[in-house]
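One structure is given below, encoded as structure tokens.
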């Protein structure tokens, strides 16, 4: 999946080289979910395969980008740098025997810096669907009350789609859904370690200002 995203980003940069460019900023936020994750915990040389579940959370995102009016034919392409922060409470943890423990006072925090490409599909009206893909890096942290943070940096990719409502040449609102995934989170403490498969979904609403 990461290779496909890289191919898309490279192709986009080639076709937009001679297009008219307009900078923009955008802000959005909404629902952030984490998909139930597989875990691998190594303690004292013993490996246990389990799982982890999460409660629903929230996400906020901001971006600065460039809009190219002739991206793919008449359809504009946008390239942007975006940051998002998402937080979810850890709900339960299960081990290889199926025993489940309820988790209290532990949050999963994801802070990401992404490079994204959008393809806007013009419809002849003020409503414009779009598709997007991106790749970047994220700091993933399990924050437990009264304990040290457990951070790891991972590569992250995302794909998504949405609809923009263009109220003028410079102002628009949009709604979008995204799926993200990437490298496994891994925290190492001496000879012990915990690995968690990180992936999730987001549903956001926001606005964009084109200059």
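No value in this document is a laboratory result; all are computed from the given coordinates. Note that the structure is a prediction, hence the values are computed from the model and not measured. With ideal geometry, Cβ positions are generated from the backbone for all residues, glycine too; neighbour counts draw on all protein chains shown.
General remarks:
- Pairing each residue of the stretch 45-60 that is without any contact (Cβ under 8 Å) to a residue 12 or more places away in the chain and on the phi < 0 side of the Ramachandran plot with any residue that is surrounded by 15 or more Cβ atoms within 10 Å (Cβ to Cβ) and assigned to a strand (DSSP E or B), provided the two are 6+ apart or on different chains, yields C-beta distances under 7 Å for 47/40.
- Hits in the stretch 135-171 (condition: touching a helix residue (DSSP H, G or I) at 6+ places or on another chain (Cβ under 9 Å) and farther than 20 Å from residue 116 by Cα): none
- Qualifying residue in the stretch 163-177 (condition: surrounded by fewer than 19 Cβ atoms within 10 Å (Cβ to Cβ), touching a strand residue (DSSP E or B) at 6+ places or on another chain (Cβ under 9 Å) and more than 30 Å from residue 122 (Cβ to Cβ)): no
- Within the stretch 24-72, the set of residues being surrounded by 17 or more Cβ atoms within 10 Å (Cβ to Cβ) and in contact with a helix residue (DSSP H, G or I) (Cβ under 9 Å, 6 or more places away or on another chain) comprises 68, 71.
- Top-ranked residue of the stretch 104-127 - restricted to ones that are surrounded by fewer than 20 Cβ atoms within 10 Å (Cβ to Cβ) and touching a residue at least 40 places away in the same chain (Cβ under 8 Å), ranked as farthest from residue 160 (Cα to Cα): 105
- Hey, residue 121 within 24 Å of residue 205 (Cβ to Cβ) and touching a helix residue (DSSP H, G or I) at 6+ places or on another chain (Cβ under 6 Å) or not: no
- Search result, residues across the stretch 84-103 that are over 14 Å from the mean Cα position of the chain (by Cα), surrounded by 14 or more Cβ atoms within 10 Å (Cβ to Cβ) and in contact (Cβ under 8 Å) with a residue 12 or more places away in the chain: 89, 90, 91, 92, 93, 94, 95, 103
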